[in-house]
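Everything below concerns the one structure shown next.
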Ligand code: NAD
């Protein structure tokens, strides 16, 4: 019997409400398949600050390092907003990313047929959208040196950030993207600004070199400005996209809007040995504690965990299928309610999805 060790870090706010539903979904998969999921709780974010004084106790980091995968909620909230930068809740997540070398961020954006009208774009544009944005997460403009601000002798200031990438940093995320594209429709769009940026030229050369190792994947290069337009003009053109950190930050949020609600969007951060899975949304202080948050992003993150860390693609299909079926039956949480009569709470939605997963075996 396979035993999967999962570090369970719900964090703060609605993280505490939706992550247990994702855990339940995995437990149902375990029961149906005979696989055993062992969850161990770790403190992170504001709740870790309250209990230990810091946003990521050593014990939680060790737990993550020794797990097969990390199921993460979200961190932060007004209670901790006035703390100094170095002890803020999000530092806990940033430290996990750094210590585990999580350099590839995967963000799917799928427009569910029954939620098409929740998208701000026209039905004719978004219908059928199903794409995956892969963003480099640990290098580029946000980390490059030199950086800083300095006073100029004649008055005013000069501010500097540096966009820098090594071949190795590009190669590893692009390789991850080819591997993901192979599990999807075998189409990869590499997004850059190679008509202006030298970094993008190295990026493009590296993609072209690696493409020879993946002859089954159809590769196209897209300039980032064109990509931004195409995403809202013809999102169905894309399947898998890969891009550097800053472009990815912006494009993944743009792609997210296509899906309609924050409560529907899962993500994965991959790199070294252990992957981290979390909903894209934050701790939603406006609805935290009310039991009305949508657990679907967290449950779909658990499906990604099955697919990418545990190589259990067919179980992931069942979890995703169960979400689709529950939505098809007309069940909705408040954020995606539309014209539905009744909005379900977090646990009620979790119950229905778990029951569907069970039935699928
Ligand atoms: P948010 O994602 O928490 O909320 C934005 C809006 O979407 C809110 O109106 C919220 O009610 C709604 N929403 C989000 N998730 C939902 C769900 N599952 N179901 C129903 N509605 C949902 O973003 P924010 O308000 O900008 O941030 C709140 C806090 O979360 C801040 O402290 C921020 O730093 C933190 N945050 C953490 C992460 C993370 O841990 N990775 C990510 C983003 C924001």
Check your understanding: Ranked highest first by the average count of other Cβ atoms within 10 Å around their residues, in what order do 297-304, 135-142 fall?
Key -> 297-304, 135-142
Revision key, fill the gap. Per the helix-only model, the chain has a calculated mean residue ellipticity at 222 nm (DSSP H runs of ≥4, -39500 (n - 2.57) each, divided over all residues, rounded to the nearest 500) of -12500 deg cm²/dmol
Review point. What is the packing order of peptides 274-285, 36-47, taking the mean over residues of other C-beta atoms within 10 Å and listing the highest first?
Key: 274-285, 36-47
Practice item. Would you mind getting me the FRET efficiency between residue 233 and residue 196? Use the beta-carbon distance for r and R0 = 35 Å, nearest 0.05. Key: 0.95
**Study point:** Whole-angstrom gap from the range 259-332 to the range 8-51, using each part's C-alpha centre
**Key:** 12 Å
Exercise for review: Take the chain, connect every pair of alpha-carbon atoms lying under 10 Å apart with a spring to form a Gaussian network, then pick out the residue of 320, 150, 254 with the largest mean-square fluctuation.
Suggested key: 150
Study note, to complete from the structure: Checking rank on 223-230, 168-175, with mean other Cβ inside 10 Å and highest first, the result is 168-175, 223-230
**Study point:** GNM flexibility winner over the chain from 62, 97, 149 (Cα, springs under 10 Å)
**Key:** 149
**Study point:** Centre separation in Å (Cα based) which lies between the range 155-207 and the range 107-121
**Key:** 27 Å
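Readers should treat all values here as calculations from the given coordinates under stated rules, not as data from a laboratory. Not measured: the values here are computed from a predicted model. As a convention, Cβ positions derive from the backbone with ideal geometry for all residues, glycine included, and neighbour counts pool all protein chains shown.
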